[in-house]
Amino acid sequence: TLAPLWRERFPPSEFGESIGIHSRNEYETASSAGDIACTPYDIAQKLIDIDSLFKKDAHFTNMRIIYDSMHELKGDLLTLNSNISVHSVVGQINLIQITQAPETVVDRWQTLRCHINDIIQSLQKNFRIPNNTYALAIDDSKIQRKLLAKFFDFLNIPKENCTIVGDGCSEVNGFEDLVVSFMQNHRDDYVLMIVDENLDVVDESKNESVFVSGSQCVDNIRKRLPVELERRMLALVRSANDSSTDIAIFNERAHGFLPKAPIRRERVIETLAPLWMKRFPPSEFGDSAAFDMTDETISIASEELACTPYDIAQKLMYIDSLFKKEAHINDMRILHDPLHQLKGDLLTLNSDASMIPILGMTNLVLLGHKSPDAIVDKWHALRDRIRAVINSLQNSSNGSEGQSATLGILKRSKKVESMDSPVMSSIARRRTIDVSSRSNEGQSTLGILRRSKKVERIDSPVMSSITRRKSLLSNSAVSTCSSKLSDD
């Protein structure tokens, strides 16, 4: 674009060295560094800035600043690296710039903002982090470590580039040194670090429970790193504590916050993209991000990053074993770590049931009581409440096949004999009832089918069996009646 203008203004015949010709290889190398383009994060930030003007009633007091901001927004959209057409939203901006009535400007702005947000969301789905990205994470829960591994997989970070720790006191206490050393060995790479806030572990050498704040670890790490290394890191705190006060602390100590909640594969990229672009703006880092603009779309099965009912059942069994060993009498601190882990796991369980009452009951157990019997009673109430949720999930999602599968898994893990849960009891009761009531299965099944209003459309072996039995009973009754009449 610039070359012909430059040559016309500074002809080599007069200026000699006014222009140089690079080789094709040099041109390709320079081009690979990145395009001069606006990013979705830049556009999103511009929307926030314009929104703040409307909240300050600038459309009443200073319409000129609204028009100027719209003009800047139009320029940003036209330099957006996207294969999505922005002509319609540019037309909407032009319409706002000639509108005089403040109320009409607000209405048109709200429509425009929605359309631009749709474009941003579409682009964020195509966001890709650089190939030279490494992942570090820490969580004291085995289940959450497994979910973090899947989270990084959703981001297409190779397994060999991921380090996830938190299994035991030594890994928690040594995390800061691990990260500092890692950053020193990856000076030109990007590092995504996700840290659990509540790290509760048992120091077996001292036989005591140790609590470590993950966000404080991040703060310590950032202070130990030189500026040129710290700027290559995106550190996020992942926590079940999501109050405005807690989030403010996390954002002060780290670079952002991730809630502990189920998240679908397609939402992982959309969640990380604005955090990544804010931390690594292409204007400073060049190769910090890419947007896959190919028209070809690869169909990926939707998958959820969430805890399973089986994971929760395993955790309940483990805590139950601690109570059987009288940990609530000998050292209540031993129970603190698995109970805190249970809270985090429950928040990532894909369930419609409200977890607030269960979390409150968990906190009551954590507070402890003078009487060990009272602690046990509260634990039993909590355990039974959680098992009811698990039962509900198993019944609604899998039916009898899911229950059979659960039984098979538990048998293979050789823990059936120690299982004392409503899940197993329910399965056993149903199987017992099924065996003992086979003589009534025809009438029972028919009643269920009638209630579902589908009897007339059912053509199955069950119905055929029922029909045959009723036919036999009917024929038998007719024969008996005829015999009696003939006798009379």
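The values are calculated or read from the model by the stated rules, or taken from the named source; none is laboratory data. This is a predicted model, so every value here is computed, not measured. Glycine also receives a Cβ, built like all others from the backbone with ideal geometry; neighbour counts cover every protein chain displayed. To get the accessible areas, we keep the full protein, side chains included, count just its heavy atoms, and leave off ligands, DNA and RNA. Shrake-Rupley method; radii C 1.70, N 1.55, O 1.52, S 1.80 Å.
Across region 268-276, coupling constants 3J(HN,Hα) worked out from phi with the 6.51/-1.76/1.60 Karplus curve, θ = phi - 60°, read 4, 4, 5, 6, 7, 3, x, 5, 5 Hz, and Gly and Pro carry x. The TRP6 and ASP188 beta-carbon pair, evaluated with R₀ = 35 Å, returns a calculated FRET efficiency of approximately 0.55.
Residues whose amide H lies under 5 Å from that of PHE257, counting only those 5 or more places away or on a different chain, are VAL237; hydrogens are built 1.01 Å from N in the peptide plane. Among 196-206, 334-344, 348-358, 97-107, sorting by the average number of other beta carbon atoms lying within 10 angstrom of each residue, highest first, gives 334-344, 196-206, 348-358, 97-107.
Enumerate by residue number the GluC sites (Glu not before Pro) in region 303-381 meeting two conditions: DSSP loop (anything except H, G, I, E, B), and at most 15 other Cβ atoms within 10 Å of the site's Cβ. If you can, show how the numbers build up before the last one.
On the way: sites: GLU303, GLU304, GLU326; in loops: GLU303, GLU326.
Here the GluC sites (Glu not before Pro) that fit, given the DSSP loop and packing criteria, are GLU303, GLU326.
Taking all protein chains in place and a 1.4 Å probe, what share, in percent, of the accessible surface of region 155-289 do carbon and sulfur account for? Of the solvent-accessible surface of region 155-289, carbon and sulfur hold 44 percent. Our Cα-only numbers for region 92-164 put the radius of gyration and Dmax at 21.3, 60 Å. For trypsin sites (Lys or Arg not before Pro), the sites in region 86-191 that DSSP calls loop and that have at most 11 other Cβ atoms within 10 Å are ARG187.
Couplings 3J(HN,Hα) of region 116-122, computed from phi: 5, 4, 4, 5, 4, 4, 5 Hz, in residue order, whole Hz [Karplus 6.51 cos²θ - 1.76 cosθ + 1.60, θ = phi - 60°; x for Gly and Pro]. Average accessible surface for region 307-365: 42 Å² per residue, computed with a 1.4 Å probe over protein heavy atoms with every protein chain in place. Karplus-derived 3J(HN,Hα) values for region 216-233, using 6.51 cos²θ - 1.76 cosθ + 1.60 with θ = phi - 60°, are 5, 4, 4, 4, 5, 4, 4, 6, 7, 8, x, 4, 5, 8, 4, 6, 8, 10 Hz; glycine and proline are entered as x.
Averaged per residue, what accessible surface does region 67-122 expose to a 1.4 Å probe, in Å²? Spell out each step's value before the answer.
Numbers: 2890 Å² over 56 residues.
Per residue, region 67-122 has 52 Å² of solvent-accessible surface.
For the set LYS278/LYS343; LYS146/LYS324; LYS150/LYS260; LYS146/LYS343; LYS343/LYS378, the pairs lying more than 20 angstrom apart at their alpha carbons are LYS278/LYS343; LYS146/LYS324.
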